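This report refers to the structure that appears directly beneath it.
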Amino acid sequence: MIRKNQTLHLVKKPKITTTLALCFSLSLSITLNADTHSIWSDLTAKTDEQVKFSKTITVSGNIKEDPLAVACNIGATVCINGQKVFVNKDWKYPSFVPVKKFIIKGMNEIIVDAIDVNGIAGLVAKFFINKKLVAQTDSSWKVPLDEKLKPAVQVFQYGSDPWGQTLNNPIKGPKNHRKSIDGQDITVNDGFKVERLYSVPKETEKSWVGLTEDDAGRFVTCDQNGGFYRVILKDGGKSENQRFSQPEPIALFDGKSLDGWEYDPSLWSVQDGVIVCDTFNKKIKRNSFLVWKGEVADFELSYDAKIEGKNNSGMMYRAQYSNKETFSLIGNQCDCHPRAEYCGMLYSEGTGRKIVAKSGTKAIVDKGNGKPRVVGKTEPIAPVDISEWHTYKIVVKGNRLKHYVNGRLAVDVTDNHKNIRLKGLIGLQCHAGRPMKGSFRNIVLTKF
């Protein structure tokens, strides 16, 4: 803690000795190129799936010390020529290990046993000898299939979000993480004293990713799950941490009126405590929306919906008006659709992107070409009768978009599209075309 309400300025890095086997310097020209890929046995990894990868390289000339760098979804055991070299336990902490004693002149076999834990898996590795790249993860690696070897599948290009350039992170992993750093290991400006740095317990408070100061000079920090903490520094070497209350849910519909919404009154009304749009008596040429008078960025939104007639509907979010006079929106939509593959899908209304992810899929939208790639599966959504009530939920944080149907995860999308909107409007859809009647209730918004 810092005494006398002084501000901590770190001017030099901590004097901590790094272990060569885990944190090898990047000065050995570990330059990562566009040909490196995350690889797996197929595009749709399964939870707790284990895959064995193999690669043969030929070595000639004198051999110098150079590292083998490995990252994986949860862990990888690396063997060279039948000898266990090391185990990489966390994809966030790649290992840089000298391998001279395991290499021989001529043919060398690299075996990596990798494991996945959450359905989006990928092994990333680079192998250098004499500062020269001799192997990298791509389709030239082999995986066993039906007692034969087949090429590994390139799941995504190295550097893609949300994983980023994991091999550029030569940091200590959890095994070597100390619960606190002694103040004498840190150099600060004259007049300042550091007694101890608080180390966040990952199991309960996750990663603290934000820090600021309030008007009273107290530190305010937030963790990756949205909680806020106020850190109060007291005299006598003690501190007191206060967790702020979580954001309060807001009911967007009072069950009586459409106050707080913009809409076409010939289409939208309140009937028996339920919001209703009806086109059985009025055919419309374009989709029209009931638009909440507010904007959302990161949020959770839940609601009940049922759709009668041979049509569909949905909830727009982070949207914008394309024509305010006709209450027309463009943007993201969580679909309420009679077909199981479309119920809860992510559809981009009016942007030209159309279907971003069908129900039952995890997808990543590439920043370069803007196209989605399926990288895993979510919980399958059984066919539902949308003329009955069902509960939908949308959870959005940054570029991570999740849709739920009746409590089951329908889609999980990491959207890296160059035109992604991080803030916008909410709107319920009255769909053009075949006659329909949409009913909505229990609309609850929680902003993060």
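The values are calculated or read from the model by the stated rules, or taken from the named source; none is laboratory data. In this text the structure is predicted, and so the values were computed from the model without any measurement. Counting neighbours? That spans all protein chains shown, and the Cβs are built from the backbone with ideal geometry, glycine included.
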Single match in Tyr342, Tyr263 (criterion: crowded, with 16+ Cβ neighbours inside 10 Å and closer than 30 Å to Asn416 by Cβ): Tyr342
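When the residues of the stretch 386-406 are filtered to those that are touching a residue at least 40 places away in the same chain (Cβ under 8 Å) and over 20 Å from the mean Cα position of the chain (by Cα), which remaining residue is nearest to Lys423 (Cα to Cα)? Quick ask: steps written out before the conclusion?
First, pick out the residues of the stretch 386-406 that are touching a residue at least 40 places away in the same chain (Cβ under 8 Å): 386-401, 403-405.
From what's left, over 20 Å from the mean Cα position of the chain (by Cα): 386-392.
Details: Ile386: 29, Ser387: 31, Glu388: 31, Trp389: 29, His390: 26, Thr391: 24, Tyr392: 20 Å.
Top of the filtered list is Tyr392.
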Top-ranked residue of the stretch 276-306 - restricted to ones that are hydrophobic (A, V, I, L, M, F, W, C) and over 22 Å from Val395 (Cβ atoms), ranked as surrounded by the most Cβ atoms within 10 Å (Cβ to Cβ): Cys277
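Mind checking whether some residue in the stretch 76-84 is at pLDDT 75 or above and out of contact with any strand residue (DSSP E or B) (no Cβ under 8 Å at 6 or more places or on another chain)? Show your work before the answer.
Start the filter on the stretch 76-84 by keeping residues that are at pLDDT 75 or above, which leaves 76-84.
Remaining after also requiring out of contact with any strand residue (DSSP E or B) (no Cβ under 8 Å at 6 or more places or on another chain): 83.
The answer is yes; a qualifying residue exists.
Taking the stretch 82-117 on its own, how many of its residues are of a type in the set (D, E, K, R), within 17 Å of Ser54 (Cβ to Cβ) and under 26 Å from the mean Cα position of the chain (by Cα)? Walk me through it before giving the result.
Just the residues of the stretch 82-117 that are of a type in the set (D, E, K, R), to begin with: 84, 89-90, 92, 100-101, 105, 109, 113, 116.
Filter once more, keeping what is within 17 Å of Ser54 (Cβ to Cβ): 84, 109, 113.
Adding the requirement that they be under 26 Å from the mean Cα position of the chain (by Cα) leaves 113.
Of the residues in the stretch 82-117, 1 are of a type in the set (D, E, K, R), within 17 Å of Ser54 (Cβ to Cβ) and under 26 Å from the mean Cα position of the chain (by Cα).
For the stretch 87-109, enumerate the residues that are assigned to a strand (DSSP E or B), among the hydrophobic types (A, V, I, L, M, F, W, C) and surrounded by fewer than 18 Cβ atoms within 10 Å (Cβ to Cβ). Spell out how you get there, then give the answer.
Filtering the stretch 87-109 down to residues assigned to a strand (DSSP E or B) leaves 87-88, 95-98, 106-109.
Narrowing the set further to residues that are among the hydrophobic types (A, V, I, L, M, F, W, C) leaves 87, 96-97, 107.
Val87, Met107, listed by residue number.
Output the residues belonging to the stretch 351-395 that are of a type in the set (Lys, Arg) and either touching an Asp or Glu at 6+ places or on another chain (Cβ under 9 Å) or in a strand (DSSP E or B) (or both). First the steps, then the outcome.
The initial filter retains those residues of the stretch 351-395 that are of a type in the set (Lys, Arg), namely 353-354, 358, 362, 367, 371, 373, 377, 393.
Listed by number, the residues that qualify are Lys354, Lys358, Lys362, Lys367, Arg373, Lys377, Lys393.
Restricting to the stretch 328-350, what's the tally of residues that are of a type in the set (Gly, Ala, Ser) and not in a loop (DSSP other than H, G, I, E, B)?
Going residue by residue through the stretch 328-350, those that are of a type in the set (Gly, Ala, Ser) are 328, 331, 340, 344, 348, 350.
Keeping just the survivors that are not in a loop (DSSP other than H, G, I, E, B) gives 328, 331, 348.
The total comes to 3.
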Residues of the stretch 242-281 that turn out to be in a loop (DSSP other than H, G, I, E, B), hydrophobic (A, V, I, L, M, F, W, C) and at pLDDT 90 or above, as a count: 5
Considering residues of the stretch 372-401 that are of a type in the set (A, V, I, L, M, F, W, C) and surrounded by fewer than 21 Cβ atoms within 10 Å (Cβ to Cβ) only, the residue nearest to Gly438 (Cα to Cα): Trp389
Which numbered condition Lys310 fails, given (1) among the basic types (Lys, Arg); (2) at pLDDT 90 or above; (3) under 32 Å from the mean Cα position of the chain (by Cα): (3)
Test: residue in the stretch 348-355 that is more than 31 Å from the chain's Cα centre (by Cα), β-branched (Val, Ile, Thr) and either modelled with pLDDT of 95 or more or not assigned by TED's automatic domain parsing to the domain that holds His403 (or both): no
Search result, residues across the stretch 111-135 that are surrounded by fewer than 22 Cβ atoms within 10 Å (Cβ to Cβ), over 19 Å from Lys46 (Cβ atoms) and modelled with pLDDT of 85 or more: Ile111, Ala135
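Give the stretch 356-385 a look and list any residue that's closer than 26 Å to Lys418 by Cβ, touching a residue at least 24 places away in the same chain (Cβ under 8 Å) and charged (D, E, K, R), or say none.
First, the residues of the stretch 356-385 that are closer than 26 Å to Lys418 by Cβ: 356-359, 361-376, 378.
Adding the requirement that they be touching a residue at least 24 places away in the same chain (Cβ under 8 Å) leaves 356-359, 361-367, 370, 372-376, 378.
Lys358, Lys362, Asp366, Lys367, Arg373, listed by residue number.
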